[in-house]
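Chemist: So that we are looking at the same thing, I have put the structure below in structure tokens.
Read the figures in this text as sums done on the coordinates, not as results from a lab. None of the values given here were measured: they were computed from a predicted structure. Neighbour counts run over all protein chains shown; Cβ positions are idealised from the backbone, glycine included.
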Amino acid sequence: MTKIHELLGVGMDEEFEVKDRDFAYKLDENGALMRMGSGYWYPSAVYTFAALINNPSLIIRKQKLTEEQQKVLEALWTLGFNWVAKDKSGDVYGYVGEPRHDDYQWIGYGTPFHVLSCLVPLLPDWTKPLDTEKTLKEAQQ
């Protein structure tokens, strides 16, 4: 583990997200910041690395699923609800298609339904929906 790992508080090869960026990131064994793109890891831009060093709170660590969260996501996915989103009010809903949002709530394809609040910790930012299949696959890794 390098000093950069310690400074940013992430483990070696631990995948994480960066606020307002759409890629997965990790620090390799040498402390280089890598970004996932098209199924491969690439060196990340220097300005992203500098932003993280100056503000480590931009790092969004991937959470491990609890048993209850795993069961709820599996049930939603089995029923065809591929997306989960939290409205600005904190209410969590499942959607068949990828939803879009206005200033306060999500608008989805199909009929949304209220799901268990155990999924709230998986949605730290209300403006970003959760892909149920992707989340379940990442939890198995």
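Chemist: At 7 Å along Cα-to-Cβ for each site, give me the label-to-label distance between Tyr40 and Ile53 in nm.
Modeler: In this crude label model, Tyr40 to Ile53 measures out at 2.7 nm.
Chemist: When only C-alpha pairs under 8 Å and at least 6 residues apart count, what is the relative contact order of segment 3-61, in percent?
Modeler: It rounds to 31 percent for segment 3-61.
Chemist: How would you rank Phe16, Phe113, going from fewest to most other Cβ atoms within 10 Å of each one's own Cβ?
Modeler: Exposure proxy ranking, most exposed first: Phe113, Phe16.
Chemist: Over what distance in Å are the Cα centres of segment 54-123 and segment 1-51 separated?
Modeler: Between the Cα centre of segment 54-123 and that of segment 1-51, the gap is 25 Å.
Chemist: Expressed in whole Å with the largest first, what are the equivalent ellipsoid semi-axes of segment 12-55 derived from the C-alpha gyration tensor as the square root of 5 times each eigenvalue?
Modeler: Semi-axes, largest first: 15, 13, 9 Å.
Chemist: Collect residues whose amide H, placed 1.01 Å from N in the peptide plane, falls under 5 Å from the amide H of His101; neighbours closer than 5 in sequence don't count.
Modeler: Residues meeting the criterion, in which the H sits 1.01 Å from N, are Ile107.
Chemist: Sticking with this structure for a sec: Using 1/(1 + (r/R0)^6) with R0 = 25 angstrom and r between the beta carbons of Ala75 and Val96, what's the FRET efficiency to the nearest 0.05? Please report the intermediate quantities before stating the final value.
Modeler: Working: r = 14 Å, r/R0 = 0.57.
Once rounded, the FRET efficiency stands at 0.95.
Chemist: I've got another one for you. When the Karplus curve 6.51 cos²θ - 1.76 cosθ + 1.60 is applied with θ = phi - 60°, which whole-Hz ³J(HN,Hα) does each residue of segment 60-66 get, with x for Gly and Pro?
Modeler: 10, 7, 6, 8, 7, 7, 6
Chemist: Let me have the 222 nm mean residue ellipticity of the chain computed from DSSP H runs of 4+ only, each contributing -39500 (n - 2.57), with the sum over all residues rounded to the nearest 500.
Modeler: The helix contribution divided over the chain gives -7000 deg cm²/dmol.
Chemist: Moving on to the next point. Please give the FRET efficiency for Leu136 paired with Asp103, using the beta carbon to beta carbon distance and R0 = 25 Å, rounded to the nearest 0.05.
Modeler: Between Leu136 and Asp103 the formula returns 0.25.
Chemist: To continue, here is another question. How many lysine pairs does the chain hold where the Cα atoms are under 16 Å apart and the two sit 8 or more places apart or on different chains?
Modeler: Count of close lysine pairs: 13.
Chemist: Would you kindly work out the equivalent ellipsoid of segment 67-140 from its C-alpha gyration tensor and give its semi-axes, the square roots of five times the eigenvalues, largest first in whole Å? The partial results should precede the final answer.
Modeler: Details: eigenvalues 66, 35, 22 Å².
Those come to 18, 13, 11 Å.
Chemist: Take every Cα pair under 8 Å in the chain that's 6+ residues apart, average their separations, divide by the length, and report that relative contact order as a whole percent.
Modeler: 17
Chemist: Which values of log₁₀ I(q)/I(0), to two decimal places, follow from the Debye formula for the chain at q = 0.20 Å⁻¹ with a uniform point scatterer at every Cα?
Modeler: So the normalised log intensities are -1.17.
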